[in-house]
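The structure appears below as structure tokens.
The values are calculated or read from the model by the stated rules, or taken from the named source; none is laboratory data. These numbers come from a predicted model, not from an experiment. For neighbour counting, all protein chains shown are included, and Cβ atoms are generated from backbone atoms with ideal geometry for every residue, glycine included. The area values use the complete protein model at the heavy-atom level, side chains included, leaving out ligands, DNA and RNA. Shrake-Rupley method; radii C 1.70, N 1.55, O 1.52, S 1.80 Å.
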Amino acid sequence: MTSQWCTPRGQSLLGLLELLLLASFCQNEELVCRQIGAVERPQLSKDGDILLGGIFSFHSKWKDKWNTYKQKPPPLQCTSLNFRGFQFAQAMLFAIDEINNSTNLLPGILLGYKIYDACASIARSVRVALALANGNQVESSLKGPCPKPAQVQAIMGETASSPCMAIATVIGPFHIPLVSKRNGYEYAHFATCACLSDKNKYPSFLRTIPSDHYQSRALAQLVKYFGWTWVGAIRTNDDYGNNGMATFIETAEELGICVEYSVAVFRTDPLDKIRQIIDIIKASTSRVIVAFMANKDMDVLLSEMSQHNLTGYQWVGSESWISDSHTAAMDVHHILDGAVGLSIPKAHVTGMKEFILDVKQLNSSSKELFREFWEALFDCKFRNLASTTTENQRECSGHEDLAGVKNSFTYMSLMPIFYNIYKGVYAVAHALHDILSCNNTCNKTTELDPFMILQRIQRSQFKTKEGDEVYFNENGDPPAKYEIINWQPTENGFMDFVTVGLYDASLPADRQLTLQTTTFTWAQNSEQVPVSVCSEKCPPGTRKVLQKGKPVCCYDCLRCADGEISNNTALLTAASLLGTCLTAVVMFIFFRYRQTPIVRANNSELSFLLLFSLTLCFLCSLTFIGRPSGWSCMLRHTAFGITFVLCISCVLGKTMVVLMAFRATLPGSNVMKWFGPAQQRLCVLGFTLIQVIICILWLSISPPSPNKNFDVAKDRIILECALGSAVGFWSVLGYIGLLAMFCFILAFLARKLPDNFNEAKFITFSMLIFCAVWVTFIPAYVSSPGKFSVAVEIFAILSSSFGLLICIFIPKCYIILLKPERNTRRNLMGKEAPTH
């Protein structure tokens, strides 16, 4: 990097004296700029009104030097040309060229660039980032006053997570926007680490590829979708792999997935360590392996697995290797056949492919780099370097044609990544367009500030010429969207990456993952979805016993002891459905004979509403049956509370109608005027609304939720619903009890009123049964452990519902169907003499 020091002219003092007098001389003498260290010259550059920086890896390795610390270390010597780095640079130049030729975006402004080679080195990435930050202006003159550095206004950053973290840390205090996407080939793990979303650590970092937080959760959902509850996990041993796998395991545990083993690997690990991982895979019982790995690390592991013929496993991969054609080409033993994973959505940008393949334009920027690139691309040597040409290596003419070349440069498999670079450049351009108040022309006198540009980029929202919307969230991340791809071998021996689904994190949780399962190919070309569980589901008549020292997914199925039953719910379900059917039959009878006096008496509207509420009471018991979930736990108690209050409110309304009707027969009474049909409906609505409010408060403050009860028995886990707020639960029950007691008292007072068919008698008896059931329920519920408390509650619901149905409606059905002669108005009013 370049440093600028201020020293007094004409002074030759040395050592400590020079340092002590430095400040005083600087104040009185003329200042000059002195450069410490060599200038970092960009590999590609072009002047412009506004400069953008770029950091890409044109080389993927470097020669290690042994530092003696006795002399200045030589510059880093980069080796192993990386074609993908050139493709990324070309994508950036394509976007800049489009913007410079546009009349709508930054009209009259010429964008220039400075692009450096990072050589896949973290140290060099930091060095060239500082070179972009200070501008290297002193390279033109070492005399004269120190100029203000001409910073680049934004940097298209190194694409791996670890280098990006280093660069973002260094340039963060300068607030220079660092926009990253992903890298391929050598650094295929890309700047996707969720840690880079921390704006306190990396305030100026933005990216056009989603955070791994979403990818990790999507992989866990994908594994859950196929019912794989027992998996192995392998990760790259760096920020990308460790953070990504940690999020995957956390999400997997939430979804009930167990990880049998989790191991880390890096491409430079000794062979013994990689073989240890192979042994772990062989000894495992899981048949699904989740690999959150960089493609180079996957290539190293794949090479060793090929030596052991480690086939038959279903692989689930992160986007860094799952769509890499080089990894697929290496898999000659078909170890990864049928692999599934996430990939950046496919993209097409008009003109980009042709621009990237037009490599001759590199010659005008850097002849030395162009020469090295050309020789590697066409496997030849130029004449002046013929002395180093091998025996079988031809001489370069400079007119070679790419049409006959097939390598990683001509293969456009990373077009989605090129598109991310393209979008990053356009995001900066749109921010500059707003700052410079561009309309027909731009205000070139506006002083640019990187912090202002950073803020505008974070708020920018635009559409590309392909119609895709680009924006960043508060963490500088784009919306998370992935394609789900499946490795399917073709007849000619190549691997086809088939899109079989989509994942969109912006949608509701139940709609984020969509799959077309009919188009899948699985491991070993199987058409059946692989099975990977630690223990098969226990059949009826058995119970689960956890295996000591194993995750909860591993258990034994033991026969139930005498006097115990398994979780077979057929009896309770049958009782609930029987009650529902009986209620429906009664409702049909009442509707069929709705014009008869016995149905019309005592408000037939309330009778039908009561039958409807009884149907809901029978059905709500079904929510207590089965494995507890978040929605079922909240639904079961609230549905029960509201439906029973609706039911009791209808009974209470019918009881009050009986009392008011008798009062209305007294001379001068107009009481029915104040308790007509409208008032009865309002009464039912008001009583029910109070219960609704209680339930809303309960769910808002502390709702019921699924819980694993380890306390009831040491050898089993009881899945139950925790009440959340005990006050809320007992408030719901208490309100039902209060209405039932009030209804019982009124019905008891009206039981001897002089009607031949006094409904209050049947209501009194039904309320007596109802109250008896729920009074005995309280001690039984409190003293019943685990699953028996649920059975007690279901029994109470069904018993009280059957009591109301039988006591109130069966006598009426008996008269309607078997004693129609008693179904007259005179008989109901007690004006007919009984027949003998």
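Highest mean packing first, where packing is the average number of other Cβ atoms within 10 Å per residue, the peptides 642-655, 273-286 line up as 642-655, 273-286. Annotation: extensible slack from Ser284 through Leu558 equals 96.2 nm (criterion: 0.36 nm per residue apart, minus Cα-Cα distance).
In nm², what is the average projected area of the convex hull enclosing the Cα atoms of the stretch 189-287? So the Cα hull casts an average projection of 7.4 nm².
Annotation: per residue accessible area for the stretch 288-383 equals 35 Å², rounded to a whole number [probe 1.4 Å, protein chains only].
What shape does the stretch 513-557 have by the C-alpha gyration tensor, where a ≥ b ≥ c are the square roots of the eigenvalues, rounded means a/c under 1.5, and otherwise prolate means a/b greater than b/c and oblate the rest? Judged from the Cα gyration tensor, the stretch 513-557 comes out prolate (a/c at least 1.5, a/b above b/c). Our coupling estimate for the stretch 78-93, obtained by passing each phi through the Karplus curve with A = 6.51, B = -1.76, C = 1.60 and θ = phi - 60°, is 7, 9, 6, 4, 10, 4, 5, x, 5, 4, 5, 5, 4, 5, 5, 5 Hz, Gly and Pro reported as x. Please work out whether the stretch 86-139 counts as rounded, prolate or oblate from its C-alpha gyration tensor, where a ≥ b ≥ c are the square roots of the eigenvalues and a/c under 1.5 means rounded, while otherwise a/b larger than b/c means prolate and anything else oblate? Oblate, because a/c is 1.5 or more while a/b does not exceed b/c.
Shown for the stretch 244-350: the carbon plus sulfur share of the solvent-accessible area, taken with all protein chains present and a 1.4 angstrom probe, equals 52%. Rounded to 0.05, the FRET efficiency of the Ala722 and Asp198 pair, given R0 = 51 Å and the Cβ-Cβ distance, is 0.90.
Packing around the peptides 71-81, 88-98, taken as the average count of other Cβ atoms within 10 Å per residue, puts them in this order, highest first: 88-98, 71-81. Taken one residue at a time, the phi angles of the stretch 540-545 give Karplus couplings (6.51, -1.76, 1.60, θ = phi - 60°) of x, x, 10, 9, 8, 10 Hz. Gly and Pro are set to x. Which of the three applies to the stretch 583-647, rounded, prolate or oblate, going by the alpha-carbon gyration tensor with a ≥ b ≥ c and a/c under 1.5 meaning rounded? Note, shape of the stretch 583-647 comes out prolate.
For Glu469 and Lys360, a Förster radius of 51 Å and the Cβ-Cβ distance give a FRET efficiency of 0.90, rounded to the nearest 0.05. Highest average first, the peptides 759-770, 290-301 ordered by how many other beta carbon atoms sit within 10 Å of their residues are 290-301, 759-770. For the pair Glu491 and Gln455, label points projected 7 Å from Cα toward Cβ lie 6.3 nm apart. Rounded to the nearest Hz, the phi-derived 3J(HN,Hα) couplings of the stretch 314-323 under the Karplus curve 6.51 cos²θ - 1.76 cosθ + 1.60 (θ = phi - 60°) are 8, 9, 10, x, 7, 5, 5, 10, 5, 10, where x marks glycine and proline. Accessible surface area normalised per residue over the stretch 515-656 is 53 Å², counting heavy atoms of protein chains with a 1.4 Å rolling probe.
Electrostatic bookkeeping for Arg636 treats Lys and Arg as +1 and Asp and Glu as -1; over the other residues with beta carbon under 13 Å from its beta carbon, the sum is -1.
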